[in-house]
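Readers should treat all values here as calculations from the given coordinates under stated rules, not as data from a laboratory. Everything quoted here is computed from the prediction, not taken from an experiment.
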Amino acid sequence: MDWILTRTGLRSTAAGSIGADMMNRYERGGSGEAVVEYLDSNIRVVKPGAYVRCAVTGETIPLDQLKYWSVERQEAYVSPEAVLRRLGIARKGA
């Protein structure tokens, strides 16, 4: 069964699912690293886990706190600053 992270939480994509199935912390797979597919406005959880890693810093990002990612690069980022670093853009005044 696959899961999609939306603004309202994790939802099941199983056939016949009403879409209201929410994953709790035990169903997410404990403390392991998740494997996800990054989509335009949400993510699809391929392998359940509690977190993903920032592609720039290597920091862990809990799935329920994931806000920044690249669909094109299929990478997660811990902050807007990490996105800018990945793109090679220097902040003004830095």
Looking at the square roots a ≥ b ≥ c of the eigenvalues of the Cα gyration tensor of segment 39-83, which shape do they give, rounded for a/c under 1.5, prolate if a/b is larger than b/c, or oblate? oblate
Using modelled backbone amide H atoms (1.01 Å from N, in-plane), which distant-in-sequence or interchain residues come within less than 5 Å of residue 52's amide H? 34, 61, 63
Amide H contacts of residue 75 (H built 1.01 Å from N, under 5 Å, at least 5 apart or other chain): 70
So what are the ³J(HN,Hα) numbers for segment 55-64, from phi and the Karplus equation (6.51, -1.76, 1.60; θ = phi - 60°), rounded to whole Hz, Gly and Pro as x? 5, 9, 9, x, 5, 7, 10, x, 4, 6
